[in-house]
Amino acid sequence: MSFKQLAIIGPTASGKSDLAIKIAQQTDAYILSIDSLSIYKEIDIVSAKPSKEELNAVRHFGIDALYADEYFSVDIFINLYKKVQNQCKKDTKNLIIVGGTSFYLKSLLDGLSLLPTISVQTQQIVREKLINLDECYNFLYTKDKEYMQKIDKNDKYRIEKALLIYEASGVTPNEWFKRNPPKPIIENLDIFNIDVERSVLRERIEKRTRKMYEMGLVDEVCYLEQKYTRTPHPMSSIGIVEVLEYLDAKVTKEEMLQNISTHTAQLAKRQQTFNRTQFRNISSAPLQELEEIILHKFVHT
């Protein structure tokens, strides 16, 4: 069997996970989730993660891989994809990539630039300099304004990365990336986008928000805050922030649910715009038509 892969994308609450499981079962495929919250253990209700039964029905990757206080980045995701692809080939399985964080998918298609070899000594030098983050940012800004003006002064991760490149290579990040352009990880990929009307999506989001509340959303966020504090990056996600406001007595229960729905709908709109503008080889259709379109394409390629 020759290895085949495809991607299913769409806004939040559009039915991607259910469709991916259906397709996977009919095409002998594993599933790789591209969802910025489902990657974390214990963030189950907020992320609208597939149920245990669904996860057992088809082998999933990219779900429950890290704890909330562990670091995650595009580089880590690309390495995860490579491992999953190898596993699929070893097990003679196909692969379905599915999720709402389409930026990860775009990173597979565009690739990432290789970084210079960074010695332990360079890492130590940079670690010491990072004690004064403002000074590091200002130094890099004077060397490479074009690159640094896209980075927030408090973004320690990206400042560290820029400084590591500069210290290891002796050239500015901008110059390094010009000399080392990214190489695609996936050359060709059929992408299927769930097309859904905004009014329908809004209704689905509101229903899902209520269901999340009934499933124990507030208890889950309480547990996450108690275990991890509010510091880790996932704790600033939609669904968690609004519950924390409720726990701080800044809003009522109804205001909290309305805020989650509103912010999720805004996210869905951004996702739709991104999906529409950032991909080639994309087929868009309503959910009820997409299964047939995907299976037809899968069988005939």
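The values are calculated or read from the model by the stated rules, or taken from the named source; none is laboratory data. Note that the structure is a prediction, hence the values are computed from the model and not measured. All Cβ positions, even for glycine, are placed from backbone atoms using ideal geometry, and neighbour counts span all protein chains on display.
Only a single item in (1) assigned to a helix (DSSP H, G or I); (2) within 28 Å of residue 235 (Cβ to Cβ) is not met by residue 109, and it is number (2).
Tell me which residues, restricted to region 211-233, are surrounded by 15 or more Cβ atoms within 10 Å (Cβ to Cβ) and either closer than 22 Å to residue 157 by Cβ or hydroxyl-bearing (Ser, Thr, Tyr) (or both). Spell out how you get there, then give the answer.
Of region 211-233, the ones surrounded by 15 or more Cβ atoms within 10 Å (Cβ to Cβ) are 212-213, 217-218, 220-221, 224-225, 228, 232.
Once the filter is applied, which keeps residues that are surrounded by 15 or more Cβ atoms within 10 Å (Cβ to Cβ) and either closer than 22 Å to residue 157 by Cβ or hydroxyl-bearing (Ser, Thr, Tyr) (or both), region 211-233 yields 213, 224, 228, 232.
One residue stands out among those in region 13-61 that are of a type in the set (Asp, Glu) and in contact (Cβ under 8 Å) with a residue 40 or more places away in the chain: the one that is surrounded by the fewest Cβ atoms within 10 Å (Cβ to Cβ), which is 28. For region 130-143, the set of residues classified as more than 29 Å from the chain's Cα centre (by Cα) and either modelled with pLDDT under 95 or part of a loop (DSSP other than H, G, I, E, B) (or both) consists of 131, 132, listed by residue number. Consider region 200-232 and keep the residues that are farther than 14 Å from residue 259 by Cα and aromatic (Phe, Trp, Tyr). The one that is nearest to the chain's Cα centre (by Cα) is 228.
Being out of contact with any His (no Cβ under 9 Å at 6 or more places or on another chain) and of a type in the set (A, V, I, L, M) is a property that residue 43 has.
Kindly indicate the residue of region 29-54 that is over 20 Å from residue 85 (Cβ atoms) and not in a loop (DSSP other than H, G, I, E, B) and also farthest from the chain's Cα centre (by Cα) among those meeting that condition. Write out each step before concluding.
Step one: filter region 29-54 for residues over 20 Å from residue 85 (Cβ atoms), giving 36-37, 40-54.
If we keep only those that are not in a loop (DSSP other than H, G, I, E, B) as well, we get 40, 52-54.
Working: 40: 11, 52: 21, 53: 23, 54: 20 Å.
Ranking the candidates gives 53 first.
What are the residue pairs meeting all of these: first residue in region 82-95, first residue over 13 Å from residue 108 (Cβ atoms) and in the same structural domain as residue 60 (by TED's automatic domain parsing), second residue surrounded by 13 or more Cβ atoms within 10 Å (Cβ to Cβ) and among the hydroxyl-bearing types (Ser, Thr, Tyr), Cβ atoms under 6 Å, and 6 or more apart or on different chains? These pairs meet every condition: 88/30; 93/30; 94/27. The single residue among 161, 150 that is in a loop (DSSP other than H, G, I, E, B) and either in contact with a Cys (Cβ under 8 Å, 6 or more places away or on another chain) or not assigned by TED's automatic domain parsing to the domain that holds residue 191 (or both) turns out to be 150.
Every condition in (1) under 17 Å from residue 48 (Cα atoms); (2) surrounded by 17 or more Cβ atoms within 10 Å (Cβ to Cβ); (3) of a type outside the set (Val, Ile, Thr) holds for residue 298 except the one numbered (1). Residue 10 falls short on exactly one of the conditions (1) in contact (Cβ under 8 Å) with a residue 40 or more places away in the chain; (2) more than 14 Å from the chain's Cα centre (by Cα), and that condition is (2).
If only residues of region 61-101 that are closer than 16 Å to residue 5 by Cα and in a strand (DSSP E or B) are counted, the one that is nearest to the chain's Cα centre (by Cα) is 99.
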